[in-house]
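First up is the structure itself, then whatever we jot down about it.
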Amino acid sequence: QVQLQQSGPGLVKPSQTLSLTCAISGDSVYSNIAAWNWLRQSPSRGLEWLGRTYYRTQTRSKWFYDYAPSVKGRLTINPGTSKNQFSLQLNYVTPEDTAVYYCAREGVGLDVWGQGTTVTVSS
Amino acid sequence: QSVLTQPPSVSGAPGQRVTISCTGSSSNIGAGYDVHWYQQVPGTAPKLLIFRNTNRPSGVPDRFSGSKSGTSASLAITGLQAEDEADYYCHSYDSSLSPVVFGGGTKLTVL
């Protein structure tokens, strides 16, 4: 079955970049029907969708990206090139970015989730 | 504030039926976008409970059902059990600012 395994630091200093990786097993980041999402959850913001990437070959093969307005300009989601994974990079973090971060596959709904990574932004 | 509106909490006794509403607008649920529902036990990742408005993934008991009408959707749970105590979230899509939107979540307490 499909599994997602998250990795990355649990503590990031303010103004630095948060980087997380989600390794995929049982599916491919190049899937033509799935999308690969990042979300986060905190008591103050609830469950918040951050962005996604997906690969489609209908007209010409290319990657697509969608980002939430709340993080657009600070967030980059990258598909893996040599590895079956995708990553999150959130720049200029503040304590407001403290949350549990999840990666998730979007097949029909978000049907597979990573285990979650607790990230604290603090000096 | 979340784009989709859910009641913060609902409760029911074992064996009873409860419903959780998810109210959107003409740019999301009312535009015909699908609604999905998730169950989250504290300390764990959300789990897909209902997809495409009314469908249950394999392994989800038929005590859980979903419906959608106009700009709203609902999750119904019949024959409440203690193990149903969790947070529930609705999820849809939107044609305005953010392509993916969530409800604020509803905490279900089994009395």
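At-a-glance table
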quantity: Chain A: Rg to Rh, with Rh as the Kirkwood radius over Cα pairs; calculated: 0.96
quantity: Relative contact order computed over the stretch A:56-123 (Cα-Cα under 8 Å; 6+ residues apart), in percent; calculated: 21 percent
quantity: Paired Rg and Dmax values of the stretch B:72-111, which use every Cα atom, in angstrom; calculated: 13.2, 40
quantity: Residue-averaged beta-carbon neighbours from other chains (10 angstrom radius) around B:54-60; calculated: 1
quantity: Nearest-0.05 FRET efficiency for residue A:82 and residue B:95, computed from C-beta distance (R0 41 Å); calculated: 0.70
quantity: Overall dimensions of the protein assembly as shown as given by Cα atoms, namely Rg and Dmax in Å; calculated: 17.7, 55
quantity: Percent RCO, i.e. relative contact order, over chain B, from Cα pairs under 8 Å lying at least 6 residues apart; calculated: 38 percent
quantity: Contact order normalised by residue count of chain A, Cα under 8 Å, 6+ apart, percent; calculated: 35 percent
quantity: P(r) of chain B over all Cα-Cα pairs, binned every 10 Å from zero, in whole percent; calculated: 16, 50, 29, 5, 0
quantity: Rounded to 5, percent antiparallel among DSSP beta bridges of the protein assembly as shown; calculated: 90 percent
quantity: Average beta-carbon neighbours from other chains, 10 Å sphere, peptide A:103-110; calculated: 5
quantity: Shape parameters for the stretch A:55-123, alpha-carbon atoms, Rg then Dmax in Å; calculated: 14.2, 47
quantity: Computed label-point distance, nm, for sites residue A:60 and residue A:7 using a 7 Å Cα→Cβ extension; calculated: 3.5 nm
quantity: Under the Karplus curve 6.51 cos²θ - 1.76 cosθ + 1.60, θ = phi - 60°, whole-Hz ³J(HN,Hα) for the stretch B:32-41, x wherever Gly or Pro sits; calculated: x, 5, 5, 10, 10, 10, 10, 10, 10, 7
quantity: Packing rank of B:6-16, B:100-110, B:40-50, where each peptide gets the mean count of other beta carbons within 10 Å, highest leading; calculated: B:100-110, B:40-50, B:6-16
quantity: Residue-by-residue Karplus 3J(HN,Hα) for the stretch B:8-24, coefficients 6.51, -1.76, 1.60, Hz, glycine and proline x; calculated: x, 8, 9, 8, x, 7, x, x, 7, 10, 10, 10, 10, 8, 9, 10, x
quantity: Sequence ranges A:14-22, B:21-29, A:54-62, ranked by mean other-Cβ count within 10 angstrom, highest first; calculated: B:21-29, A:14-22, A:54-62
quantity: Cβ-derived FRET efficiency at R0 41 Å, residue A:94 paired with residue B:67, nearest 0.05; calculated: 0.55
quantity: Largest-first ellipsoid semi-axes for the stretch A:12-52, taking √(5λ) over the Cα gyration tensor eigenvalues, angstrom; calculated: 25, 15, 9
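Read-outs throughout are calculated quantities, based only on the coordinates presented, and are distinct from any laboratory measurement. Note that the coordinates shown come from a computational prediction; the quantities given were computed from them, not determined experimentally. Every residue, glycine as well, gets a Cβ built from its backbone with ideal geometry; the counts of neighbours run over all protein chains shown.
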